[in-house]
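Everything below concerns the one structure shown next.
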Amino acid sequence: MSRDYSVYGLLIGTGASWVPTGIMPLWRSEERRAEAVPVPIWAIQRNGRTIVVDTAFDRALTGDAWASNFSYRPQAEALREIGVDIDEVETVILTHLHLDHATGLDHFPRARFIMQRSEYEFWTGPMSAYPPIARMCPAAVVQRLRSLHAEGRLVFLDGDHELQPGLRLVAVGGHTPGMQMVAIDTSKGTLVLCSDVAYVYENIAQRWPIGLYHDFAATILALERALTIASSDSLAVPNHDIQLWRKEPVVQLV
Ligand SMILES: [Zn+2]
């Protein structure tokens, strides 16, 4: 059985609160808005191989105005804490292309980046000309994604995909057109890295969606899907809940 995965959450940066982002962590609620916003990457390990989920951010691509709201420590430093050399990482899953997930691309010099084709097409397509869209995925990122595509370093998926035994990508859309989650069979059961299908634990406990979405109905259904796949609520992991990193910047989930 392929249930011997280890999964880590590695904190890269923290913002003081949700308020400057303009986002409600829970749709139409003030709950949790005053709390710190962590920006992590995730590491999935098995047989000495590490797959990274998301890249967090880099000031060079986000611009200073956005990055100045967040503390930062380099992705390489975070991975070193679990014994991983970032230069050796060959596979990075991008759950979606918002700047807090996809502007750390250049920290992974050897990696291929796996994403949904619909996600790439949306953010690099005609909508990228509109300022509110560019605020979530700046022009510099679009340019960088295009050049990585030309280098053959992007892998596009069209829907759900089993990357390797016990490790599945689940395409749900909702928050963004090509949003995907990561489901991992572990010794404790199936764990779901929800990415921004759930920002905080309250999204899960209350079955209440996040407050930023491309397709609201799909966002609600994505959360339902996460909680159907996860063996229990405690194995559904939200992406931006500071509770997870209150004690240490590196947490082992399983
Ligand atoms: Zn996010």
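List of remarks:
- Gained length - SER147 relative to LYS247, 0.36 nm times residue gap less alpha-carbon distance: 32.1 nm
- Protection proxy ranking, peptides 152-165, 173-186, 207-220, average beta carbon neighbours within 10 Å, highest first: 173-186, 207-220, 152-165
- Estimated translational diffusion coefficient (Stokes-Einstein, Kirkwood radius over Cα pairs, 25 °C, 0.890 mPa s) of the stretch 162-254: 185 µm² per second.
- In the chain, helical runs assigned H by DSSP with n ≥ 4 each contribute -39500 (n - 2.57); averaged across all residues and rounded to the nearest 500, the mean residue ellipticity at 222 nm is -6000 deg cm²/dmol.
- Rounded to the nearest Hz, the phi-derived 3J(HN,Hα) couplings of the stretch 52-62 under the Karplus curve 6.51 cos²θ - 1.76 cosθ + 1.60 (θ = phi - 60°) are 9, 10, 6, 10, 6, 9, 9, 4, 4, 9, 7, where x marks glycine and proline.
- By DSSP, the beta bridges lying fully in the stretch 1-127 are antiparallel in about 70 percent of cases.
- The alpha carbon convex hull volume per residue for the stretch 6-252 rounds to 115 Å³.
The numbers here are math on the coordinates, done by the rules we state, and not lab data. None of the values given here were measured: they were computed from a predicted structure. No Cβ is skipped: glycine too gets one built from the backbone with ideal geometry, and neighbour counts run over all protein chains shown.
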